[in-house]
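Structure first, commentary second.
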Amino acid sequence: MSRKNVRLTDFQIKRLQQLSELDGSDPVDHVNRAIDEYLKNQKLDLTSPAEADIVAEFKERLDEPNIAGALWVSGVVDQYEFSALILNDVTKLGIDKGRISKLAIWDPVLRETTNNFIKSCIVNYDRGWDIRPSKIALPYYNKVKLLLDSSMHKFVQKRIYR
């Protein structure tokens, strides 16, 4: 949540204008201070972690039975979970025209409480961007993408030697 997403009621706006008339301050300053105080009291952590502090690892790997040479990988990235469909060959529909055809990163707690996968996603790519990484989600996406890209050769080699 950011300042631009906070809406004030007509009553709140009128009270802030009265307060500004009383102390001679700019009404916008009062609004910004009031919103900042509200957001602080919400105890929201809106800071992005440093990528170096983020840990991403694989948990499972399964072949995709409907697509020759494709496989699903899943894992965790800090408090989030991820799943990706890796294709055998690069494709124009993949992320950066690569082998990652699908990628989702989601909050498992939110998924459990809402019982809604899309609402729990911080990133979702399904042959195109459904949910692009926000500024806060970008370090998690970068860490997962790096893990997938750096492991791509291992996935290909395992398929060759089967």
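The values are calculated or read from the model by the stated rules, or taken from the named source; none is laboratory data. The model shown is predicted, which means the values in this text are computed figures rather than measured ones. When we count neighbours, we look across all protein chains shown, and the Cβ atoms used for this are built from the backbone with ideal geometry, even at glycine. These area figures cover heavy atoms from the full protein model, side chains too; ligands, DNA and RNA do not enter into them. Shrake-Rupley method; radii C 1.70, N 1.55, O 1.52, S 1.80 Å.
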Over the stretch 49-115, the quotient of the Cα radius of gyration and 2.2 N^0.38 Å is 1.25
Taking only protein heavy atoms and a 1.4 Å probe, the highest-to-lowest accessible-area order of Asp107, Asp96 is Asp96, Asp107
Under the 7 Å Cα-to-Cβ spin-label approximation, Ile131 and Phe11 lie apart by a distance in nanometres of 3.4 nm
Sequence order, the stretch 107-120: Karplus ³J(HN,Hα) from phi using 6.51 cos²θ - 1.76 cosθ + 1.60, θ = phi - 60°, Hz rounded, Gly and Pro as x, gives 8, x, 5, 5, 4, 5, 6, 9, 6, 9, 5, 4, 5, 8
The alpha-carbon center of the stretch 48-71 and that of the stretch 20-35 are separated, in whole Å, by 49 Å
For Ala52, placing the label point 7 angstrom along Cα-to-beta-carbon and taking the stretch 114-149, residues whose amide nitrogen sits under 17 Å are 139-140, 143
1/(1 + (r/R0)^6) with r = Cβ-Cβ of Leu93 and Ile118, R0 = 25 Å, i.e. FRET efficiency to nearest 0.05, evaluates to 0.80
On the accessible surface of the stretch 64-114, probed at 1.4 Å with all protein chains in place, carbon and sulfur together account for a percent value of 51 percent
